[in-house]
Structure formats: C-alpha cells, structure tokens
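In what follows, a single structure is set out as structure tokens and then discussed.
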Amino acid sequence: MVHVIKNFPTLAVSLDNNRLFCSRALYSGKGFTSSRLVNAFERCSLFGIEQIKLSTVLFNIKEVNNLCDIALNVACEIEPMCGEETEGSDIEKDNSAKDQYSLELFGKDCLMDSFTERYDTNQPSSSLEETKSSVDNGILYLEEMDEKVLSERILKLSRLNKHKSALVIYKSMIFSGLKPDLHACNSLLSSLLRNGMLDNALKVFNSMKASGLTTGHTYSLILKAVADARGYDRAINMFRELISSRNLREQIDIIVYNTMISIFAKANNWDQAQKIWKILQYDGQVGTTVTYRLLICTFVRCGQYELAIDAYSEMIHNGLSPESDTMHAIIGAYSREGKYDSALNILQCMLDSELKPNARACNIVINSLGKAGKVKLAFEIYDLMKSLGHAPDVYTWNSLLNALNRANRYCDAIQLFERVRNIRSVILNEHIYNTVLTSCHRLGLWEKAVQVLWHMEASELPVSTASYNQVIGACEVARRPKVALQVYYRMVRQNRSPDIFTLLSLMRVCIWGSLYNEAVEILKFSEPNGSLYNAAIQGMCLTGRLDLAKKLYTEMRERSLQPDGKTRAMMLQNLPKDSRRNRKPWTVINQWRTGPSWVCGVTWQSIQIQQLYSMTIGLCPPCKHTESRH
C-alpha cells in the first residue's frame, strides 16, 4: 500500500513487509534503514513558490512507523493509490487536480499539528506556510514517471481544452525533475492562451525557456497573446529582449518575424512593420510568401505605395510566387502611383496564372487608365471585367465617365450617363452626378446641368456646394446670368454656403451679362476678398465701365486689399485716357511749357502717368520738376 502525504508533496511512504520506501522524486524507490538520514530538498521557484526544504530525521524504524500511524489515523486525509490504469480518466471534470496515479492528503492542519508536536521543529509556522503553498499550486506525486506517457497526457488534455488539469501534470513533472516534450509544452501553452490564462502561460513560457524547449512557434504564441492582452508596445519590448540575447536570437525563425509583422499590421502601424522588415534583412533571414503578403497589404492599406512596390520587387527577386491577395494589393499600389502599365502587367500575370481578378482590381485599373487619358484601354478592361462575371458598379461607371472627361469627350460622357441612368440595377450616387455636371459645365449645357441638378434633389442625394458650382459654371459658359442667379438663390435656400469659386463664377457671369448692380451687391454682402475685387475690376474695365472700376478700386484700397498685376495694368491702361478726356486746363502747364509738348525733355503726359501709377501702388512721390519749381 502506497500513501502520499500532501503536506509533503515529495514524500511518499510505502509500507511493505515493515520496509519504508521514499518517493521516486527523492531516492528513486530505494529503501532506507533506521540508520539512514533522510533529507528532502525541492525547488518550485518556476511557479512562484519559494524554496521548500523538508528535513525529516529518522533515527529508527519505529519513529517512521509512528509517523505513518499518524497519517493513517487521520480520517479522509490519506487514501490508497490505485494500482491499475483507466483509459481517459486522468483528470476529473471538476478540475480538482486529482491524478489516478497520485493520492493527496487533504487534512493539512491536523497532520501538520501532529507532526510538529511529535517532532519538535524550530520553525513550525514557516514550514506550514511552505507546505500549503505547494498544495495550493497543485503539485502532485506522480507514480507514473515515464516522460513520454506524461507528455502524451498533457497533449491530450490540452487538445480537450482541459487546461487546468494539463497544467497540474506539467507542474508536477517539473517539480519531480521530469522534462515534458516540446509538442506537449506548446500544446499546453496554446490551451492556456485560448482560455485567457496569460499569467500562467507566461510562467510556463519562462519554464520552457529555462529548459531550452522553446521554438519559433512558442515565441509566436506568446508574442501574439501579449500584444492582444497588453498592447503591441509590450510585445515589441519582449521581442527586443529576445533578439538582444545571442542564444535566444538563434532560436527565432521567420515565423516569429511574421508574427510581429502581423501584430503591427493589425494596428495599421506600417512604421514598426518596416522596422521588423529591416531587422529581418539584417539577420539574413529570407522572407516567405506570408511575410511579403503581410508587408505589401499593410503598406498599401496605410498609403505607403512605394514601400509596397519595394517589398514586391524583393519578393520577385527571391523567387517567390505572389498569392492572389498580394497581386490585388500591388495592383492598387501601382495604380495609385500612376504606373498603369505595371498594373496592367500584374493583371495579365493573374490571368496567365489562372487567377481571377476581383471587381475592385478591375475598377482600380480602369480608374488609373482614365486618369492617364487611355480611354480605349479603360473600356477594354471594362469588357474584360464583364467577361469575368463581375457586374459593373457605380465606381466602374464613374471611372469611365472620368476617363471620357479627361480625354475631352464630354458628349460621350453625357451619352454614357444616359445609358447608365436607364439601368435599373445601378443606383447613381453624387459622384456620378458631379462627373456629368462637369461635362455639362465644359460644354455650357446649362439646361442639361439644371436638369441633372433637379434629378439629384429629387433622389434625395446630398447636393454639395461643388454641384451648384458646376451648374453656375455652365450658366457662365452659356452667358445666362439670370439662370445663374436663380441657382445661386436656390443654393442659399438649401442652406449651402457659397465658397470663393461660387462667387467668382457668379461675379463673372453677372458682369458679362451687364448685371452690374448684382455684381456690386455680391461684393457688398460677401466677406472682403482680393480675388473677388480683382475679378470685378477687370470685368468692369473690359466692359467699359471705368467709373465702376475706379470706384471698386478705391474701395479695395480702403479695405487694405492688394490688387494683382493684371488689375494694376488695366488701371494704368484705361484711367489716364478717361482723365484726359475730362480734365480742366492746368495753370501749371501754361507757366512751365517752354515748347509745344516738352518740359525739360519730359512730356506732361508722362508726368501724369507717373502720378497715376504712384496712386495705384499707394505711393505719392514728389515730382522732381515740382521740387525744382518750388
């Protein structure tokens, strides 16, 4: 009969023909006589237990028997060990940490009190605390000492998600000096992390690291868990500690680097992902397909298209074949960088590899070709898109309309818009309406622009200020000032604030339509702006309203607004003629004139122009002839 005293988890006694055997953790089952001194020393520092030192001095077999009698006389405190194994009954479901190959003593206080009374120890209280600490941490006596068998049990319990039971066996093995295999440790670590037991997982990880049982998979599991639970800052700190150690750095493989890149990719932190990429290159590691897929997708998602292209080039240089996700991402990178030819090559490579490009990739290529003015190629990709079974969406139609506008084919854009509007499955958005309004603006089709604007309002789409600007611009091209004013008033009633482009277009169309009073009112009720005054003064000068131009110029200078070069040139060109037409005879001219038109080699007209120019730039320098006269 074998008995285990849980207060002394490493001390098991076996009474067989009046011989006493200690546990295998102490003396490997070897018997001892009354003259032998038994000292038990165990450490459990890996699990947060301070060093446990059990010292039992046995002078004769009688004292040993008395100790066993104490244990046997305590009810429900010691139980016999089962001698037969039962398949699948290693650990109870109530997580009580009972092993069928170990028996535990639950009456801690009674047995310890009896032991300390019979054997007068110097520190009974500390011994009791150390013993209770060992019990609370679930360290059991194991009759089965085969490392392979116990590792299989840990593996089986971890797969069944019985993480507490597997952890108890793992602790007991480490406590007994046994070493679980690598597969069982990683499975236990994964089970603990699945159940949110990060602290216990870190303890197991430290135990594995001390025993040299860690692999790249181990580091990947723990780094990902730390990043999810405590932030990627803690994960990067742990990673730096790992790579700072020469011994541990040799164990880090490409899987660990992929894990760190995926951690930063999840947080869209492309900068840290790039740093991991540089460390990988510095260590001489060769990235895998997963490595470059993570890098390229992260860079594209964060708008770092040049880095994505560099990663793709390195991937091809290393002889790796990109996956579908990688090729879709790099198509977007090339398209946004304006390299539509490279995007077409990637699209062709996908077709050659019997990969099916998705609708988004086709739309991106069409948009890129449209911006480059390649209308024919854009419609060829559109036909390819339909042959692949993808239905064109609003993004497709908008890209095609923009391509036609870029090629100055505004009439074709309007015709395509009419075709799209008749398709019931297509729901037009404000972007398509704004694109066709741009076509109407360029052609001056104000009636069509107003009609499209009505459709937008009837569809309850948000009509922006830019949409009204396009309609007013179409009225400006068609010289329809009254219609432009009506659109402007409609815009104000819809609580849309006009911007500088609205006011400039409205100012020009009112002046060319001879609605000078309306133009002045626009200046009066809008915020002071130099561009508005410049446009108004230039329009007044070109239409011959020099009086209004001079008045607006004076008002502009009073508001401390600076005229541009064109406004100053027009004032110099037009104002002197008007002043000569209405000027009175100068007495100074009659006094100074010495010839038909010259005074000291300078005409009086030149002097007048100089004075007018000085007025336009805000300066009034005295004339040297006047100074000499005075």
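A short reminder: the numbers here are calculations on the coordinates, not readings from a lab. Since the structure is predicted, the reported quantities are computational estimates derived from the model, not experimental observations. Note: ideal-geometry Cβ built from the backbone for every residue, glycine included; neighbour counts use all protein chains shown.
In table form, for the structure just shown:
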{"read-out": "Members of Lys524/Lys551; Lys203/Lys275; Lys275/Lys356; Lys266/Lys356; Lys148/Lys209 lying beyond 22 Å, as alpha-carbon distances in this model show", "value": "Lys203/Lys275; Lys275/Lys356; Lys266/Lys356"}
{"read-out": "FRET efficiency estimate (nearest 0.05) - Cβ-Cβ, Arg493 to Thr289, R0 60 angstrom", "value": "0.55"}
{"read-out": "Peptides 322-334, 243-255 ordered by average Cβ neighbours within 10 Å, highest first", "value": "322-334, 243-255"}
{"read-out": "Exposure proxy order (Cβ contacts within 10 Å, fewest to most) of Val256, Val436", "value": "Val256, Val436"}
{"read-out": "Extension gain from Cys411 to Asp325, taking 0.36 nm per residue of separation minus the Cα-Cα distance", "value": "27.1 nm"}
{"read-out": "Sparsely packed trypsin sites (Lys or Arg not before Pro) within segment 419-511, loop by DSSP, other Cβ within 10 Å at most 10", "value": "Arg424"}
{"read-out": "FRET efficiency estimate (nearest 0.05) - Cβ-Cβ, Thr465 to Lys551, R0 22 angstrom", "value": "0.15"}
{"read-out": "Net length gained if the chain between Arg194 and Cys302 were fully extended (0.36 nm per residue, minus Cα distance)", "value": "35.9 nm"}
{"read-out": "Neighbourhood net charge (15 Å Cβ-Cβ; Lys/Arg +1, Asp/Glu -1) for Leu400", "value": "+3"}
{"read-out": "Förster radius 41 Å - calculated FRET efficiency between Ser531 and Lys275 (Cβ-Cβ, nearest 0.05)", "value": "0.30"}
{"read-out": "Loop-located GluC sites (Glu not before Pro) in segment 440-505, at most 13 other Cβ atoms within 10 Å (DSSP)", "value": "Glu460"}
{"read-out": "Net charge, Phe501 excluded, C-beta distance under 12 Å - Lys, Arg +1, Asp, Glu -1", "value": "-1"}
{"read-out": "Length added when fully stretched, Lys356-Arg159, from 0.36 nm per residue minus Cα-Cα", "value": "67.1 nm"}
{"read-out": "Prolate/oblate/rounded call for segment 424-518, Cα gyration tensor, a/c under 1.5 rounded", "value": "prolate"}
{"read-out": "Residue order, fewest to most surrounding Cβ atoms within 10 angstrom, among His390, His183", "value": "His183, His390"}
{"read-out": "Residue order, fewest to most surrounding Cβ atoms within 10 angstrom, among Cys362, Cys302", "value": "Cys302, Cys362"}
{"read-out": "Prolate/oblate/rounded label for segment 162-250 (Cα gyration tensor, a/c 1.5)", "value": "oblate"}
